[in-house]
Amino acid sequence: MNSLFAPHTLGSLTLGNRIVMAPMTRSRRPDHIPDADTADYYRQRAGAGLIITEGVFVSPEAQGYSHVPGLWTDEQAAGWAGVTEAVHGAGGRVFAQLWHVGRVSHSSLQPGGAAPVGPSALRAQAQVWIGDAGFADADTPRPLRTDEIPRLIADFADAAARAARSGFDGVELHGAHGFLFEQFLNAHVNDRTDRYGGSVENRARFLLETLDALADRIGSHRVGVRLSPFTLANDLPVDDSTEDLYAYLAQQLTGRALAYVHLSDLHLSGGSDISEDFLKTFRHNYDGTVLLAGGLDRARAEYLLNAGLVDFAVFGRPFIANPDLVERLRDDLPLATPDPATFYGGGTEGYTDYPRR
Ligand code: FNR
């Protein structure tokens, strides 16, 4: 019987348990630099086998929401060094989630007030938080030129190098939730006619090239990727090629010796977006470690683990209100309920003031 609570290897690391803290944006850093509160927040949650940080923007152009930390300057990297030191000091491990929103952005968040970038000039019906002015509709993006793709890939590789220098154990590429990479993956949002559009192979190319660049820079075993098959977040249309795409991705990711593939189920369709059949097939086609997030509790996580469908169970919202979530799950203690009103923005309230049991 596999145990959620026993140590397990991930890449070249041995994690204390198989419970992972999901990446969660908390929008508390107007200057994009993690501070002592950020370090406190993650230190409190270091009982997780692995923490994946909130999405971290890799460049000014990557931004789509206000008050989100970055990894494009040395000051930001220094802020993150305080976080990794705090987590390691408490016995935890931590990956940085590297994020570019693509078309899910607004010109007021972009350098020089420019249009956001994306695969194609197709606007998302989505809203982004632009700070004091509140929420705004996403703008129509400017399609990226083919010769710009290497610059974006370099932005990710540079952010990964900064992450490694800041003491992170690895990075997770945010390839999920309708942001930049999923915009390229989706047949209806990507209408390109170059080698990054059209066939499944072409739509997957940007993601795979970026993963290779990250692996070259910091080592494949320190690179994970988050994907959200069938999760139609941020106005992604249903794509009939999803099964083919994921069969191809599983085959291509095999042999790349990544730390993990992290599948995210946002339950946007009312039920599970990711079926057990899909998990079985993906597992069959992919030779590496699989993480799953979305609506898990202890019983479901143990079931998935013992059925061999996943290697690690990822918890999001429960970690917000239960800094000692691992102990509470292990001892079958009641869980505190997080307050959605303090998920994003504000100070320490709803952030670092949830007590341990
Ligand atoms: C999220 N989620 C998320 N996902 C991601 O890949 N990057 C991010 O920055 C965020 N930000 C974020 C903020 C907040 C406040 C929430 C609640 C969620 C999604 C998250 O990682 C996870 O997939 C979902 O919360 C589902 O898992 P749970 O909460 O059902 O365990």
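The values are calculated or read from the model by the stated rules, or taken from the named source; none is laboratory data. Quick caveat: nothing in here was measured; it's all calculated off a predicted structure. Cβ placement follows ideal geometry from the backbone for every residue including glycine, while neighbour counts extend to all protein chains displayed.
Evaluate segment 122-131: report whether one residue or more is touching a residue at least 60 places away in the same chain (Cβ under 8 Å), within 16 Å of the ligand (Cβ to nearest atom), surrounded by fewer than 24 Cβ atoms within 10 Å (Cβ to Cβ) and β-branched (Val, Ile, Thr). There is at least one residue in segment 122-131 that is touching a residue at least 60 places away in the same chain (Cβ under 8 Å), within 16 Å of the ligand (Cβ to nearest atom), surrounded by fewer than 24 Cβ atoms within 10 Å (Cβ to Cβ) and β-branched (Val, Ile, Thr).
Filtering GLY167, GLY102, GLY91 for residues that are more than 26 Å from GLY198 (Cβ to Cβ), in contact with a Phe, Trp or Tyr (Cβ under 9 Å, 6 or more places away or on another chain) and not in a helix (DSSP H, G or I) leaves a single hit, GLY167. Condition check for LEU253 on (1) within 27 Å of ASP137 (Cβ to Cβ); (2) crowded, with 20+ Cβ neighbours inside 10 Å: one failure, at (1). Taken together, VAL290, VAL238, VAL200 contain a single residue that is under 24 Å from THR53 (Cα atoms) and among the β-branched types (Val, Ile, Thr), which is VAL290. Quick check on my filter: what residues within segment 323-338 are within 12 Å of the ligand (Cβ to nearest atom) and within 14 Å of MET24 (Cα to Cα)? Answer for segment 323-338, where residues must be within 12 Å of the ligand (Cβ to nearest atom) and within 14 Å of MET24 (Cα to Cα): just PRO338. Assess whether ALA62 counts as being over 25 Å from ASP339 (Cα atoms), of a type in the set (A, V, I, L, M) and within 15 Å of the ligand (Cβ to nearest atom). Judged against the criteria, ALA62 is a match. Among the residues of this structure, LEU266 does not count as one that is part of a helix (DSSP H, G or I), surrounded by 16 or more Cβ atoms within 10 Å (Cβ to Cβ) and within 16 Å of the ligand (Cβ to nearest atom). Among the residues of segment 4-26, those that are within 16 Å of the ligand (Cβ to nearest atom), in a strand (DSSP E or B) and closer than 19 Å to ALA307 by Cα comprise ILE19, VAL20. A count restricted to segment 212-237 and to residues that are part of a helix (DSSP H, G or I) and more than 16 Å from VAL290 (Cα to Cα) stands at 10. Scan segment 298-357 for residues that are small (Gly, Ala, Ser), in a helix (DSSP H, G or I) and surrounded by 15 or more Cβ atoms within 10 Å (Cβ to Cβ) and the total you get is 2.
Of the residues examined, GLY271 is one that is more than 11 Å from the ligand (Cβ to nearest atom) and part of a loop (DSSP other than H, G, I, E, B). Checking each residue in segment 198-232 for being modelled with pLDDT under 95 and in contact with a strand residue (DSSP E or B) (Cβ under 9 Å, 6 or more places away or on another chain) picks out only THR231. Residues in segment 132-165 that are under 11 Å from HIS106 (Cα atoms) and in contact (Cβ under 8 Å) with a residue 24 or more places away in the chain were compared, and the one that is surrounded by the fewest Cβ atoms within 10 Å (Cβ to Cβ) is ASP137. Number of residues in segment 59-88 that are in contact with a Phe, Trp or Tyr (Cβ under 9 Å, 6 or more places away or on another chain) and within 19 Å of ALA114 (Cβ to Cβ): the value is 10. Looking across segment 166-225 at every residue that is acidic (Asp, Glu) and within 16 Å of the ligand (Cβ to nearest atom), the one that is farthest from THR146 (Cα to Cα) is identified as GLU172. For the structure I just gave you, tell me whether TYR344 is of a type in the set (Phe, Trp, Tyr) and either within 21 Å of the chain's Cα centre (by Cα) or within 30 Å of PHE135 (Cα to Cα) (or both). Taking the combined requirement at face value, the residue satisfies it.
Scanning segment 229-247 for residues that are in contact with a helix residue (DSSP H, G or I) (Cβ under 7 Å, 6 or more places away or on another chain) and at negative phi, we see that the one that is surrounded by the fewest Cβ atoms within 10 Å (Cβ to Cβ) is ASP244. Scanning segment 138-197 for residues that are of a type in the set (A, V, I, L, M, F, W, C) and farther than 30 Å from ALA46 by Cβ yields ALA138, LEU144, ILE149, LEU152, ILE153, ALA154, PHE184, LEU185, ALA187, VAL189. Residue check: GLY47 meets all listed conditions (1) more than 14 Å from GLY167 (Cβ to Cβ); (2) within 15 Å of the ligand (Cβ to nearest atom) but one, namely (2).
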